[in-house]
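Scroll down for the structure; my scribbles are underneath it.
No value in this document is a laboratory result; all are computed from the given coordinates. Predicted model only: the values in this text are computed from it and were never measured. Every residue, glycine as well, gets a Cβ built from its backbone with ideal geometry; the counts of neighbours run over all protein chains shown.
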Amino acid sequence: MSDKLMLVTGSTGMVGRHVVRSALEKGFRIRALVEPGEDTSPIEGLGCEFVTGDLTKPETSPPLVQGVDVIVHTAGMVGDWGPLEDYKAINQDAVETLLEAVRQHNPSIERFVHISSLGVYRWGDHFGEDETVPPDYVGYDGYTTTKAQAELICQRYIDEHNLPIVIIRPGFMYGEGDRHVLPRVVETLRSGMMMMIGDGTKVLDNLYVGNLADAVMLAVEKSAAIGQIYNIRDERLVDRNEYIGTVCKAIGARMPRRVPCWLARRAIKPLARIARVIGKTTPPRVTKPRYKFMALNLEYSIEKAKRDLGYVPKVDFQQGIPIALEPYRT
C-alpha cells in the first residue's frame, strides 16, 4: 500500500472520479483539483484534499504540483464542434503550463500520467494499429488536433527535461459519470434523430472507464511505463449494432433508420460549411467525428500495454454498459 500524494486534475469527471477511487484503494492520498464552483459530490466524503484552480491561468499551477508524488492529468475539453482556440486553451496550453510547473517546482516527481486519446490517429478505418504508427498532428477537429499537439509537448518534456511522463490513449469511453457521449446518444435515440451509417458491423474502440482506471494505476506503478505511450481499450470490441442495440433495449427506443456510408460521407463537408457560415454553435447532423463514431472500423492493438504493464481489461462491454445506462432505463 502507498501513502503517497497524487494530484488528479479533472477529478470529478468520468475518468477522474474513477482514478480517484482506484488510487484511494491503493493507499494514495488525493489532492483533487476542481474548478471554482464545481460540484464535488462525485468524490465527496472520500477524504480528498480539494484544491480550487484553473489550469488556463499559469499562476495557479505551482501550488498544485508542490509536494505531490504523482500527477494524473485527466482534465480536458471534449466534443466535436467549436473554435480551435477553446480546445487549445484546455487540451494543449494547460498541459504545457502544468508540465512547466512540475519542471520548475517538483522536478523529482515520480510519475506524470497524461490522458490523451486514440483520436490522435488519422481519420479512417483502423485494423490493429499499434503505438509505432505516428499520430495525425493536424487532426480533423479541435479535440483531436489539440490532443495530438499535447502529446508533442509531453514528448518534449520527456526528451529535454527527463520528466517521468506516461501517455495513455484511451478509446471511446463509457461508464458511470459520462456527461457527454452517452447522454447525447440517448437523447438522439429518443428523439428519433439518430441515423445508423452503413450496416453497423464495424467495431468501436470501446473502453469501460473502470478498465482505464486500472491501466492508469499500472502506469503509475510500473517503472517500464516511463516515457512510453499506450493504447487502452476493452478486450472485446463491439460493433455498432451491438452498441446501439443495447442502448435501445435499455431505454425502450427503436433501432434508428440506416443511411448508406457514401451518402453520409458525402454530406460531411457541405453540412460543416453551411453550419460555419450561419454560425451554428452545435454540430450538424454528420461531422467527421460523428461519422467515425458510427461507421469507421476502430481496432487498435493493446499488446504493448499487456506486455509492459500487465494490463488485463477485466470488464466486458455487456458488464459495463448496464452501469452507464442505469440513469436512463425506462
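Tally Lys and Arg at +1 and Asp and Glu at -1 over the other residues with C-beta under 12 Å from the C-beta of Lys249: what net charge comes out?
+1
Between Ala253, Ala295, Ala215, which gets the highest mean-square fluctuation from a Gaussian network model of the chain, Cα cutoff 10 Å?
Ala253
Could you work out which residue, out of Leu33, Leu271, Leu55, moves most in a Gaussian network model of the chain, that is, has the largest mean-square fluctuation with Cα springs under 10 Å?
Leu271
What FRET efficiency would be calculated for the residue pair Arg266, Glu160, taking the C-beta separation as r and a Förster radius of 56 Å, to the nearest 0.05?
0.80
Arrange Ile251, Ile30, Ile232 by Cβ neighbour counts within 10 Å, fewest through most, would you?
So the residues, fewest neighbours to most, are Ile251, Ile30, Ile232.
What residue among Phe172, Ile90, Pro107 has its Cα farthest toward the positive end of the dipole of segment 72-182, where the charges are +1 on Lys, Arg and -1 on Asp, Glu, each on the Cβ?
Pro107
Quick one: Cα centre-to-centre distance for segment 129-181 and segment 250-267, in angstrom?
Between the Cα centres of segment 129-181 and segment 250-267 lies a distance of 29 Å.
Please state the relative contact order of segment 90-176 as a whole percent: Cα pairs under 8 Å, 6+ residues apart?
44 percent
How big is D, in µm² s⁻¹, for the chain by Stokes-Einstein at 10 °C and 1.306 mPa s if Rh is the Kirkwood radius over C-alpha pairs?
78 µm²/s
Can you give the Rg and Dmax of segment 178-330 based on its C-alpha atoms, in angstrom?
Looking at segment 178-330, its Cα Rg and Dmax stand at 17.7, 51 Å.
Mind grabbing the base-10 log of I(q)/I(0) for segment 173-213 at q = 0.14, 0.20, 0.30 Å⁻¹? Debye formula, identical points on the C-alpha positions, no solvent, two decimal places.
-0.42, -0.79, -1.04
Springs between alpha-carbon atoms under 10 Å, Gaussian network over the chain: tell me which of Thr74, Thr281, Thr52 tops the mean-square fluctuations.
Highest fluctuation of the listed residues: Thr281.
Would you kindly derive the ³J(HN,Hα) couplings of segment 112-128 from the backbone phi angles with the Karplus curve 6.51 cos²θ - 1.76 cosθ + 1.60 (θ = phi - 60°), listing them in order in whole Hz, with x for Gly and Pro?
10, 9, 9, 8, 9, 6, 5, x, 6, 6, 4, 6, x, 6, 10, 9, x
Hey, what does the equivalent ellipsoid look like for segment 250-330, semi-axes from the Cα gyration tensor as sqrt of 5 times each eigenvalue, largest first, whole Å?
Result for segment 250-330: semi-axes of 32, 21, 13 Å.
Before anything else, pin down the relative contact order of the chain: Cα pairs under 8 Å, at least 6 apart, normalised by residue count, whole percent.
In percent, rounded to a whole number, it is 19.
With +1 on the Cβ of every Lys and Arg and -1 on the Cβ of every Asp and Glu, and nothing else charged, how large is the dipole of the chain about its Cα centre, in debye rounded to the nearest 20?
Dipole magnitude for the chain comes out near 1480 debye.
Just going by the charge dipole of segment 86-185, with Lys and Arg at +1 and Asp and Glu at -1 on Cβ, which of Val185, Tyr121, Thr144 is farthest out on the positive end?
Val185
Enumerate the calculated ³J(HN,Hα) couplings along segment 318-324 in order (Karplus 6.51 cos²θ - 1.76 cosθ + 1.60, θ = phi - 60°), each rounded to whole Hz, writing x wherever the residue is Gly or Pro.
Once rounded to whole Hz, the list reads 6, 8, x, 5, x, 5, 5.
Using only Cα atoms, figure out Rg for segment 160-264 and give it as a multiple of 2.2 N^0.38 Å.
After normalising by residue count via 2.2 N^0.38 Å, the value is 1.36.
From the gyration tensor of the Cα coordinates in segment 70-178, what semi-axes in whole Å does the equivalent ellipsoid have, largest first, with each one equal to sqrt(5λ)?
23, 16, 14
Which of the trypsin sites (Lys or Arg not before Pro) found in segment 243-282 are loop residues per DSSP with 16 or fewer other Cβ atoms within 10 Å of their Cβ?
Passing both the DSSP loop test and the Cβ count: Arg254, Lys280.
Can you list the lysines whose alpha carbon sits under 29 Å from that of Lys292, skipping same-chain ones fewer than 8 residues off?
Lys88, Lys147, Lys202, Lys249, Lys269, Lys280, Lys304, Lys306, Lys314
Taking only Cα atoms, what is the 0 to 90° angle, nearest 10, from helix 142-161's long axis to the longest principal axis of the chain?
Orientation of helix 142-161: about 30 degrees from the principal axis.
Of all GluC sites (Glu not before Pro) in segment 44-107, which ones are in loop regions per DSSP and have a Cβ with at most 14 other Cβ atoms within 10 Å?
Loop-located and lightly packed - Glu44.
Please state the relative contact order of segment 72-223 as a whole percent: Cα pairs under 8 Å, 6+ residues apart?
Relative contact order comes out at 27 percent.
Dipole size in debye (nearest 20) for segment 262-329 around its Cα centre, Lys and Arg Cβ +1, Asp and Glu Cβ -1?
My answer is approximately 620 debye.
Roughly how big is segment 161-217's charge dipole about its Cα centre, with Cβ charges of +1 (Lys, Arg) and -1 (Asp, Glu), in debye to the nearest 20?
140 debye
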